[in-house]
Amino acid sequence: MKLRAAAALIAIAVGSEIITPRAATPLKGLTTSVTPLKGLTTLAQRSQRVTLRTEDGLSLAATWYEPSNRPAPAVVLVHMLTRSRRDWEAVATRLASEGIGALAIDLRGHGESPGSETDLGAMPQDLGAAKRHLAVRPDVIHSRIGIAGASLGANLAAIAAADDAAVASLVLLSPSLDYRGVRMEAALRKYGKRPALLVAATDDAYAMRTVKDFAKGAGGIREVLMLDGAGHGTTMLSRAPDLARQIVEWFHRTLQ
């Protein structure tokens, strides 16, 4: 049976802002050492492996996807528990090709990053390291940062955005009120009226309830996307092929 994507898209409240385009400037040298990935040669697809340093001393693996125009907004991509940054490759490449930089990270204990995958309470530091990396890149518009997270990554994304005005937009795939002690309700209240896209599947009852609860009474822009039988977290990207396009379009609307 074919899946029906985007069964419902509900705009709870809408605000608008006109962003004046900035002229692209040449990319200056970065102090961070990077290693180009093989096989990606066009500007829109060019990517680099970068290292992120956390406040507690870990060196995390990440990939920077260079945008087609610079300077540009940028999006941090955060995976699920037991997964890696590779889950976001299709979204990251598409973002970069359409003029938005993407930084996909491996949380501690995942992918190529050291540490313990069960140390969930320390993982907000991982997103802090990602934001600091973007803050010193000359090819990034530092006031136009987005974060997309899946499952545990969604909760971490909300926490990272709560007190950081530079984070202008969120995409939360399969968020939960409480993910093994990583709670996001207070963080979303602090996030305030900034835009957030909340995505869940009809066969993921807990995430679906969480998304509906977060959308109720929210100020600013809250959009809810319900997908028919698409599973949990980044699994939805493969089961609902149109989702990647919808995420990119969301960030175009809210970051550019």
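The values are calculated or read from the model by the stated rules, or taken from the named source; none is laboratory data. Model, not experiment: these values are computed from the prediction. Cβ atoms come from the backbone with ideal geometry, glycine included; neighbour counts cover every protein chain shown.
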Task: Near pairs, Cβ below 9 angstrom, 6+ apart or cross-chain, from region 159-172 (closer than 14 Å to Arg132 by Cβ) to any residue that is of a type in the set (Ser, Thr, Tyr) and assigned to a strand (DSSP E or B) - done: Ala166/Ser143
Task: Where Leu177 falls short, out of the listed (1) crowded, with 19+ Cβ neighbours inside 10 Å; (2) over 19 Å from Thr54 (Cα atoms); (3) in contact with a Phe, Trp or Tyr (Cβ under 9 Å, 6 or more places away or on another chain); (4) not basic (Lys, Arg) - done: (1)
TODO: Could you give me the residue pairs with C-beta distances under 9 Å whose first residue belongs to region 211-238 and is in a helix (DSSP H, G or I), whose second residue is surrounded by fewer than 18 Cβ atoms within 10 Å (Cβ to Cβ) and modelled with pLDDT under 95 wherever it lies, and which are 6+ apart or on separate chains?
DONE: Asp213/Leu177; Asp213/Glu185; Phe214/Leu177; Phe214/Glu185; Ala215/Ile10; Ala215/Ile12
Open item on the list: Only one of Thr93, Thr82 is modelled with pLDDT of 95 or more, among the β-branched types (Val, Ile, Thr) and touching a helix residue (DSSP H, G or I) at 6+ places or on another chain (Cβ under 8 Å). Can you tell me which?
Closed with: Thr93
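Conditions (1) surrounded by fewer than 17 Cβ atoms within 10 Å (Cβ to Cβ); (2) farther than 24 Å from Asp126 by Cβ, marked per residue:
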{"residue": "Ala168", "(1), (2)": "no, no"}
{"residue": "Gly181", "(1), (2)": "yes, no"}
{"residue": "Thr210", "(1), (2)": "no, no"}
{"residue": "Lys216", "(1), (2)": "yes, yes"}
{"residue": "Gly220", "(1), (2)": "yes, yes"}
{"residue": "Glu223", "(1), (2)": "no, yes"}
{"residue": "Ser238", "(1), (2)": "yes, yes"}
Task: Qualifying positions in region 96-121 - touching a residue at least 24 places away in the same chain (Cβ under 8 Å), of a type in the set (Gly, Ala, Ser) and within 21 Å of Arg183 (Cα to Cα) - done: Gly121
Open item on the list: Is it the case, given these coordinates, that Gly153 is in contact (Cβ under 8 Å) with a residue 60 or more places away in the chain and at negative phi?
Closed with: yes
- [ ] Please give the number of the condition Met80 fails out of (1) surrounded by fewer than 18 Cβ atoms within 10 Å (Cβ to Cβ); (2) assigned to a loop (DSSP other than H, G, I, E, B).
- [x] (1)
TODO: Mind listing whichever residues of region 114-155 are surrounded by fewer than 20 Cβ atoms within 10 Å (Cβ to Cβ), closer than 15 Å to Ala72 by Cβ and touching a helix residue (DSSP H, G or I) at 6+ places or on another chain (Cβ under 7 Å)?
DONE: His142
